[in-house]
């Protein structure tokens, strides 16, 4: 697949569509070069007989832009501990390789009590390449640690069944209000000129030139309750809006809702 350049092209994915439990709901958008990407909604499968399923659906309960246009509510129910509970939106296929310089971000609303209910690491924004290697999948993005660092967020890179490297952080994402999270990353051959920057509500939190990828194609971008620890038996929920992949900084809205 050809290398993808995102410079000077803003590709905003506004989650303003109705969706229920169906994980096959999709939203297509077109870049200036007519390449198409698909957005799907996914919820984790549960063992037979489990009473509640995770949900991801449109709601007007909280609105990021303040105009009543809605947002997306992601929820995982309380119940038995399983390997991973998730309720997430996925952008695919993408093809980020050496030379890619990209921004990705989303608005998040963590309700009061989110951290009290959290029982392990939660991934909020994550790129990965599960379809390249399901066993040692490469991952990167924004995660919130559980114990012994509750409410501490980091920008990381990691490999499944391998190490996790902290690139930026710790930092805190406040509960009970909307916050705009945005990441700028450059991926280079041999990690010689890798760059990572993380912004919270438009302000730079930190910058790193440490290796930020594993030099294998990055094929998917995920937002929401992307992954939760297998120890998570309490329910979790959050709201998200305006998930974006861009060639330049999108930045937060000037005014937000509640």
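The values are calculated or read from the model by the stated rules, or taken from the named source; none is laboratory data. Quick caveat, the model's predicted, so the values are computed rather than measured. Reconstructed Cβ throughout: ideal geometry from the backbone, glycine too, with neighbour counts over all protein chains shown.
Within the bounds of the range 70-85, is there any residue that is at pLDDT below 80, over 24 Å from residue 121 (Cα atoms) and assigned to a loop (DSSP other than H, G, I, E, B)? Checking the range 70-85: at least one residue is at pLDDT below 80, over 24 Å from residue 121 (Cα atoms) and assigned to a loop (DSSP other than H, G, I, E, B).
Return the pair list, or none, for Cβ contacts closer than 9 Å from residues in the range 122-137 that are free of Cβ contacts under 8 Å to residues at least 40 places away in the same chain to residues that are assigned to a strand (DSSP E or B) and surrounded by fewer than 20 Cβ atoms within 10 Å (Cβ to Cβ), at least 6 apart or on different chains. Final answer for the pair search is 136/159; 137/159. Of the listed requirements (1) farther than 24 Å from residue 250 by Cβ; (2) surrounded by 18 or more Cβ atoms within 10 Å (Cβ to Cβ), residue 154 misses just one: (1). Within the range 211-258, the set of residues being closer than 20 Å to residue 42 by Cα, in a loop (DSSP other than H, G, I, E, B) and in contact with a strand residue (DSSP E or B) (Cβ under 8 Å, 6 or more places away or on another chain) comprises 219, 229, 232, 235. Taken over the range 113-134, the criterion of being under 16 Å from residue 235 (Cβ atoms) and not in a strand (DSSP E or B) is satisfied by 113, 114, 115, 116, 117, 118, 119, 120.
Selection of the range 211-241 for residues being at positive phi and crowded, with 24+ Cβ neighbours inside 10 Å yields only 224. Among the criteria (1) within 26 Å of residue 190 (Cβ to Cβ); (2) surrounded by fewer than 24 Cβ atoms within 10 Å (Cβ to Cβ); (3) touching a residue at least 24 places away in the same chain (Cβ under 8 Å), the one residue 142 does not fulfil is (2).
Take residue 161 and tell me if it is over 18 Å from the mean Cα position of the chain (by Cα), closer than 22 Å to residue 121 by Cα, surrounded by fewer than 15 Cβ atoms within 10 Å (Cβ to Cβ) and modelled with pLDDT under 95.
yes
If the condition is being part of a strand (DSSP E or B) and buried (at least 19 other Cβ atoms within 10 Å of the Cβ), then the range 177-202 contributes 178, 180, 181, 182, 183, 184, 185, 196, 197, 198, 199, 200.
Quickly run through the range 91-112 and pick out the residues that are surrounded by fewer than 20 Cβ atoms within 10 Å (Cβ to Cβ) and either in a strand (DSSP E or B) or at pLDDT below 95 (or both). Matches in the range 91-112: 92, 93, 95, 101. Report yes if some residue within the range 203-210 is farther than 24 Å from residue 58 by Cα, without any contact (Cβ under 8 Å) to a residue 24 or more places away in the chain, part of a strand (DSSP E or B) and out of contact with any helix residue (DSSP H, G or I) (no Cβ under 9 Å at 6 or more places or on another chain); otherwise report no. Looking through the range 203-210, at least one residue is farther than 24 Å from residue 58 by Cα, without any contact (Cβ under 8 Å) to a residue 24 or more places away in the chain, part of a strand (DSSP E or B) and out of contact with any helix residue (DSSP H, G or I) (no Cβ under 9 Å at 6 or more places or on another chain). Filtering 147, 116 for residues that are surrounded by fewer than 23 Cβ atoms within 10 Å (Cβ to Cβ) and farther than 26 Å from residue 64 by Cα leaves a single hit, 147.
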